[in-house]
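Accompanying notes for the structure given below.
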Amino acid sequence: MVTQIDPRSPRERSASKRRAHGRRPDATARAWAAASAVCDPEIPVLTIADLGVLRDVRTDGGRVIVTITPTYSGCPAMDAIRDDVVLALTAAGLADVEVRTVLAPAWTTDWMSDAGKRKLEAFGIAPPTGRRPAGAVPVAIGVRCPNCGSLRTRELSHFGSTSCKALYECRACLEPFDHFKVH
């Protein structure tokens, strides 16, 4: 069965729901707050809401249904995220939890929050810049070093500590750093 997911960012969907319904029902608000506080196991300074992996949280009777989308299909962190979401919701007093993983539409760095991008940079990971391109992929001139701010950088490996990041080196301060790739 193919599940259709709203392509808007979680922030846009949340704002739309608040406008349409005034505010979330208590159980849904509690579930959203608990799920959105779950940290990414690979980048613990980001929540899954910051990352845009948390797509939807809704209640159906006493059941909480959480929808997540991996940054890459086959992302090894998804099992840990699913378990952490269930634990967070259970700790919030919501025992009947279903976590659904959907692959379409595919995750994009456009779904990352601005706060999440700032957290990445403060953590020493160059955040994605710009928006996901439509059509031909432009070649980036340089990635700004999160340590010294220089654009004199070079890619050492297209894959860094995780498949969603590339490993770069700054030619100014000589420090290596991860860059979160634009998707």
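The values are calculated or read from the model by the stated rules, or taken from the named source; none is laboratory data. These numbers come from a predicted model, not from an experiment. With ideal geometry, Cβ positions are generated from the backbone for all residues, glycine too; neighbour counts draw on all protein chains shown. Areas reflect the complete protein model, heavy atoms only, side chains present, ligands, DNA and RNA absent. Shrake-Rupley method; radii C 1.70, N 1.55, O 1.52, S 1.80 Å.
Here are a few things to note about the model shown:
- Residue list for segment 71-84, filter: within 17 Å of Ser36 (Cβ to Cβ) and in a loop (DSSP other than H, G, I, E, B): Thr71, Ala77
- With respect to the conditions (1) in a loop (DSSP other than H, G, I, E, B); (2) in contact with a Cys (Cβ under 9 Å, 6 or more places away or on another chain); (3) among the β-branched types (Val, Ile, Thr), Thr129 lacks only one, and its number is (2).
- Scanning segment 100-119 for residues that are surrounded by fewer than 19 Cβ atoms within 10 Å (Cβ to Cβ) and outside any helix (DSSP H, G or I) yields Arg100, Thr101, Val102, Leu103, Ala104, Pro105, Ala106, Thr108, Ser113.
- One residue stands out among those in segment 85-99 that are open to solvent by less than 60 Å² (accessible area, probe 1.4 Å) and part of a helix (DSSP H, G or I): the one that is nearest to Ala27 (Cα to Cα), which is Leu89.
- The lone exception for Ala35 - which of (1) in contact (Cβ under 8 Å) with a residue 40 or more places away in the chain; (2) farther than 24 Å from Gly124 by Cα; (3) not in a helix (DSSP H, G or I) it fails: (3)
- Selection of segment 48-66 for residues being open to solvent by 10 Å² or more (accessible area, probe 1.4 Å) and either among the polar types (S, T, N, Q) or at positive phi (or both) yields Thr59, Gly61.
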